[in-house]
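One structure below.
The values are calculated or read from the model by the stated rules, or taken from the named source; none is laboratory data. What you see is a predicted model, and the numbers here were worked out from it, not measured in a lab. Side chains are part of the model used for accessible areas, which takes the heavy atoms of the whole protein and leaves out ligands, DNA and RNA. Shrake-Rupley method; radii C 1.70, N 1.55, O 1.52, S 1.80 Å.
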Amino acid sequence: MSLAMKARQKVKRKAAPKDRVFGCDLVEHLQLSGQDVPQVLKSCTEFVEKHGIVDGIYRLSGVSSNIQKLRLEFDTDRSPDLNKDVYLQDIHCVSSLCKAYFRELPNPLLTYQLYDKFADAVAIQLEEGRLVKIKEVLKELPPQHYRTLEFLMRHLVHMASFSSQTNMHVRNLAIVWAPNLLRSKDIEASGFNGTAAFMEVRIQSIVVEFILTHLEQLFGDAPLCAGSRESLRKSLLLMGSSTALLDEKYCFPCNVPTVLNAGDGPPQMRPYHTIIDLNDHKYTLRSFSFPFPSLVNFPAKNVTRF
């Protein structure tokens, strides 16, 4: 065994779980720290909102060595100085670290236990019913997870308002964040193979995008009826739509047909593609755009892996 490896193991043995920030259970960490939400989340989002209105925020990765350096500072100092030149010159290392914190949680923010319930909720075709069900599932989260989720979602909605500068509207933010927030333990155990893994990617992005586009209805006091003109206008803006927002034809009632075909439904229900859209069309990541129910019996032989 090399000396370097022995040294790392020695440090690991000395570090008590309560002294670590990354890779710790969220409930336990917040109980020990006495905080409402993780300090790493507060610090990183404050930095990103101040300095991170740049192209590809949360999509582009920072320099690996800077990410590791900052990670160590959070583990040792809890609230490091993010205004150092090294971080100001590599803004993406801070946003990358924020995503890494959630990716390394032993139990994801939306929890393993509620994965199936979230999947069932987004399969509901009526918009109002979907809202009611997802709000019910969110209430089942541990309080620490619920508070942290609301804090993060409000930050991401705020960042989506700068999509004209960052090219990161709600859908793009949902795509890059979703795998860090919602995962299935069964699919992880299977090694992410086959149709189930493909479905998980779809479910992840659908759930997170739905929460982002219905933030006030799920966490605030906005009515659960999703068909109001103002609600639709805000959703379209956050999603980066260039649609004529005040056209009467985009004012939909709450109820939609019980059977949806490809392309049916109001704009906020329709796409849920796995797409990264940039204004200059340099980068486009696309997957299938089938409506959710068609995934249930999707033959594995037709799955294209990217």
Quiz item: ³J(HN,Hα) across the stretch 205-222 via Karplus (A = 6.51, B = -1.76, C = 1.60, θ = phi - 60°), whole Hz, x for Gly/Pro?
Solution: 5, 5, 4, 5, 5, 4, 4, 5, 7, 10, 4, 5, 6, 8, 10, x, 9, 5
Quiz item: Just how much of residue 109 is accessible, in Å², when a 1.4 Å probe is used and the result is rounded to the nearest 10?
Solution: 0
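How high is the relative contact order of the stretch 75-154? Use alpha-carbon pairs under 8 Å, at least six apart in sequence, and give a whole percent. Present the calculation step by step, with values, prior to reporting the outcome.
Working: 26 pairs, mean separation 18.0, N = 80.
Averaging sequence separation for qualifying contacts and normalising by length gives 23 percent for the stretch 75-154.
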Self-check item: Relative contact order for the stretch 51-201, counting Cα pairs under 8 Å that sit 6 or more residues apart, in percent
Solution: 30
Self-check item: Heavy-atom surface of the stretch 82-183, accessible at 1.4 Å and reported per residue (Å²)
Solution: 34
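Decide, for the stretch 89-181, between rounded, prolate and oblate: order the square roots of the alpha carbon gyration tensor eigenvalues as a ≥ b ≥ c, take rounded if a/c falls under 1.5, and otherwise choose prolate if a/b is larger than b/c, else oblate. Intermediate results must be reported in sequence, preceding the final value.
Numbers: a/c = 2.25, a/b = 1.42, b/c = 1.59.
Judged from the Cα gyration tensor, the stretch 89-181 comes out oblate (a/c at least 1.5, b/c at or above a/b).
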Self-check item: Nearest-10 value in Å² for the accessible area of residue 141, using the 1.4 Å probe
Solution: 10
Self-check item: Viscosity 0.692 mPa s, 37 °C: Kirkwood-radius Stokes-Einstein D of the stretch 39-196 over Cα pairs, µm²/s
Solution: 194
Exercise. Mind checking the full-extension length gain between residue 185 and residue 72? Use 0.36 nm per residue of separation minus the Cα-Cα distance, one decimal, nm.
Key: 37.9 nm
Exercise. For the stretch 42-47, take each phi angle, set θ = phi - 60°, evaluate the Karplus expression 6.51 cos²θ - 1.76 cosθ + 1.60, and give the result in whole Hz per residue in order, putting x for glycine and proline.
Key: 4, 5, 5, 5, 4, 5
Quiz prompt | Which of 124, 211 is most accessible, then next, and so on - probe 1.4 Å | solution = 124, 211
Practice problem: Please work out how much accessible surface residue 158 shows to a 1.4 Å probe, ignoring ligands, DNA and RNA, in Å² rounded to 10. | Solution: 70
Practice problem: Quantify, in whole percent, the carbon and sulfur part of the accessible surface of the stretch 58-207 (1.4 Å probe; protein heavy atoms only). | Solution: 53
